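Scroll down for the structure; my scribbles are underneath it.
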Amino acid sequence: MKDVKSMVVGKVLGDAGIKKGKDGAGLGIRHSISQHEYVFETWLRFKDAGLVEKQPSLYRSRRSEKDRYTYNVGFYVPVSQELAFVNEWQDESGVKILPGNIEELLDPEALAYWIMDDGQMGSLKPGTNIVTGGLTLCTDNFTHEEVAILIDVLSRKWGLKTTPNKKGANLRIYFSRASMPTLAELVSPYMHLSMMNKIRH
């Protein structure tokens with residue numbers, strides 16, 4: 001099996017859903033149809049690793065009768081022993097949690113996939129390509145304590161300056177503009193071309 005562990009770590013930190021199994025774990029991957037190129041590249045890596053065969057599918061949904069339909073594309077990675085380590089990311093009730101060895105697991109490739117899944121780029125100065133803010137990671141699925149751990153890991157491993165930003169009852173991780181050059185150097189080798197705008201500075 002080709003090594004996809006770092007990619008899996010980044011995607012579980014991001015949007016991937018976890019399916020526990022007796023013989024391992026599986027993953028559900030789904031993104032907006034506008035990100036179909038990124039989804040297909042991710043699927044190819046899982047396919048090359050021998051973990052998936054069925055191609056990505058198109059999904060249509062809406063939250064209520066008054067809402068317009070939204071379209072997503074995604075795929076399911078069947079339960080396998082190779083993904084068994086992902087079971088540590090979920091408690092008995094199915095809630096996503098941070099594993100105790102996150103500092104060991106989080107490397108530049110994992111960080112890149114986390115950003116591609118959950119990163120929101122800084123805003124642009126009107127009429128220009130000048131970025132006026134840093135990057136935000138939407139960490140809404142994690143507790144305040146877990147966000148604090150992630151911020152500490154990012155600081156100690158790479159010296160990245162981040163702060164917790166409140167979003168409703170949740171916290172999100174904001175990368176300062178000063179950290180963006182370092183962040184971009186770390187993750188750009190692993191970023192899909194369609195996602196490079198998230199790390200521009």
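A few comments on the model shown:
- With a Förster radius of 22 Å applied to the C-beta separation of K96 and K157, the computed FRET efficiency comes to 0.55.
- Residue order, fewest to most beta carbons within 10 Å, for V4, V187: V4, V187
- Links that overshoot a 25 Å alpha carbon limit, given the list K22/K167; K20/K47; K20/K157: K22/K167; K20/K157
- About its Cα centre, the dipole of the chain is roughly 840 debye, where the only charges are +1 on Lys and Arg Cβ and -1 on Asp and Glu Cβ.
- Relative contact order (%) - criterion: Cα under 8 Å, at least six apart; region: segment 5-89: 39 percent
- Scanning the chain for DSSP H helices at least 20 Å long along the axis (C-alpha atoms) with a Kyte-Doolittle mean no lower than -0.5 picks out 144-158.
- Ordering N170, Y69, Q120 by the projection of their Cα atoms onto the charge dipole of the chain, which places +1 on the Cβ of Lys and Arg and -1 on the Cβ of Asp and Glu, puts Y69 at the extreme positive end.
- Added length on full extension, which subtracts the Cα-Cα distance from 0.36 nm per residue, N170 to A184: 2.5 nm
- Mean projected area in nm² (Cα convex hull; one quarter of hull surface) for segment 5-89: 6.1 nm²
- Net charge dipole size for segment 108-199 [Lys, Arg +1 and Asp, Glu -1 on Cβ; Debye, nearest 20]: 400 debye
- Mean Cα-pair separation over length for segment 108-199, i.e. relative contact order, pairs under 8 Å, 6 or more apart, %: 33 percent
- The sum of -39500 (n - 2.57) across all DSSP H runs of n ≥ 4, divided by the residue count of the chain, sets its helix-only mean residue ellipticity at 222 nm to -9000 deg cm²/dmol.
- With a Förster radius of 22 Å applied to the C-beta separation of S34 and R62, the computed FRET efficiency comes to 0.85.
- For the peptides 133-139, 101-107, 70-76, residues were scored by their other Cβ atoms within 10 Å and the scores averaged per peptide; the highest-first order is 133-139, 70-76, 101-107.
Readers should treat all values here as calculations from the given coordinates under stated rules, not as data from a laboratory. As the structure is a computational prediction, the values presented were derived from the model and not from experiment. For neighbour counting, all protein chains shown are included, and Cβ atoms are generated from backbone atoms with ideal geometry for every residue, glycine included.
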